[in-house]
Amino acid sequence: MQQTRKVHPVSDTAPAVWKPEIAEVLPPWGRPRLADALKRGLFGHCPACGRGKLFRGFLTPVQACSQCAAPLARIRADDLPPYFVILITGHIVVPLMLWYERAESPPTWLLSAIFVPLTLAMTMALLRPVKGAVVGLMVHLGHPKPEENA
Ligand SMILES: [Zn+2]
């Protein structure tokens, strides 16, 4: 049986494996695995290397990591961290409040006295680690781009 040679429909000299013209350029600080980047960011460490600090204030990232020079201040997390904080807090506080309301029928002032501080405490406790994890996710996804560093 004679084998037929597959011929590229356009050109006979086409390469066997297609490669994009623009190859991915790894930034000097590298691209960490997703789990590493999330965990490092969650604990306030540089998502790229895990050794430097991520924040210089409550939510302000350092200009660049002191260990690997990743330009962390250029990563724009924008509204994603508050979105996740609201999502998490709402899914905990609202069911608790509804359960307590049905179980005990407390007066409104008591519900407010319990659940308003609880909501504030949860949002303040979650905002920083969630922002760190979001920055970690963005570092894993390749932000900021190395060419932006020039
Ligand atoms: Zn670093």
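The values are calculated or read from the model by the stated rules, or taken from the named source; none is laboratory data. All values reported here derive from a predicted model rather than from experimental measurement. Counting neighbours? That spans all protein chains shown, and the Cβs are built from the backbone with ideal geometry, glycine included. For accessibility, only protein heavy atoms count, side chains too; no ligands or nucleic acids. Shrake-Rupley method; radii C 1.70, N 1.55, O 1.52, S 1.80 Å.
Which of the numbered conditions does Ile92 fail, given that it passes all the others? Conditions: (1) in contact with a Lys or Arg (Cβ under 8 Å, 6 or more places away or on another chain); (2) modelled with pLDDT of 95 or more.
(1)
Please work out if Pro107 is modelled with pLDDT of 95 or more and either of a type in the set (D, E, K, R) or surrounded by fewer than 16 Cβ atoms within 10 Å (Cβ to Cβ) (or both).
Here the answer is yes, as Pro107 does meet what is asked.
Within the range 20-77, count every residue that is within 13 Å of Lys131 (Cα to Cα), within 12 Å of the ligand (Cβ to nearest atom) and not in a loop (DSSP other than H, G, I, E, B).
The number of residues fulfilling the criteria is 6.
State yes or no: is Arg76 of a type in the set (Lys, Arg) and closer than 29 Å to Asp36 by Cβ?
Taking the combined requirement at face value, the residue satisfies it.
For the structure I just gave you, tell me whether Leu72 is in contact with a helix residue (DSSP H, G or I) (Cβ under 9 Å, 6 or more places away or on another chain) and surrounded by 15 or more Cβ atoms within 10 Å (Cβ to Cβ).
Yes: the conditions hold for Leu72.
Answer with yes or no whether Val135 is under 25 Å from Val25 (Cα atoms), open to solvent by less than 30 Å² (accessible area, probe 1.4 Å) and touching a residue at least 40 places away in the same chain (Cβ under 8 Å).
yes
What number of residues in the range 73-90 are over 11 Å from the mean Cα position of the chain (by Cα) and among the aromatic types (Phe, Trp, Tyr)?
Of the residues in the range 73-90, 1 are over 11 Å from the mean Cα position of the chain (by Cα) and among the aromatic types (Phe, Trp, Tyr).
Pairs under 6 Å by beta carbon, first residue without any contact (Cβ under 8 Å) to a residue 24 or more places away in the chain in the range 67-81, partner within 13 Å of the ligand (Cβ to nearest atom), six or more apart or different chains?
As it stands, the answer is Gln67/Cys49; Gln67/Arg51; Gln67/Gly52; Ala73/Pro61; Ala73/Gln63, since those pairs meet every condition given.
Exactly one condition in (1) closer than 12 Å to Val139 by Cα; (2) in contact with a strand residue (DSSP E or B) (Cβ under 9 Å, 6 or more places away or on another chain); (3) at pLDDT 95 or above is false for Phe55; which is it?
Going through (1) closer than 12 Å to Val139 by Cα; (2) in contact with a strand residue (DSSP E or B) (Cβ under 9 Å, 6 or more places away or on another chain); (3) at pLDDT 95 or above one by one, Phe55 breaks only (1).
If you go through the range 51-73, how many residues are among the aromatic types (Phe, Trp, Tyr) and over 20 Å from Asp36 (Cα atoms)?
Final tally of qualifying residues: 1.
Determine whether Val93 is farther than 30 Å from Pro144 by Cα and either among the β-branched types (Val, Ile, Thr) or surrounded by fewer than 15 Cβ atoms within 10 Å (Cβ to Cβ) (or both).
Here the answer is yes, as Val93 does meet what is asked.
Go through the range 30-52 and count every residue that is over 12 Å from His140 (Cβ atoms) and hydrophobic (A, V, I, L, M, F, W, C).
4
Would you say Arg128 is in contact with a strand residue (DSSP E or B) (Cβ under 8 Å, 6 or more places away or on another chain), more than 16 Å from the ligand (Cβ to nearest atom) and in a helix (DSSP H, G or I)?
yes
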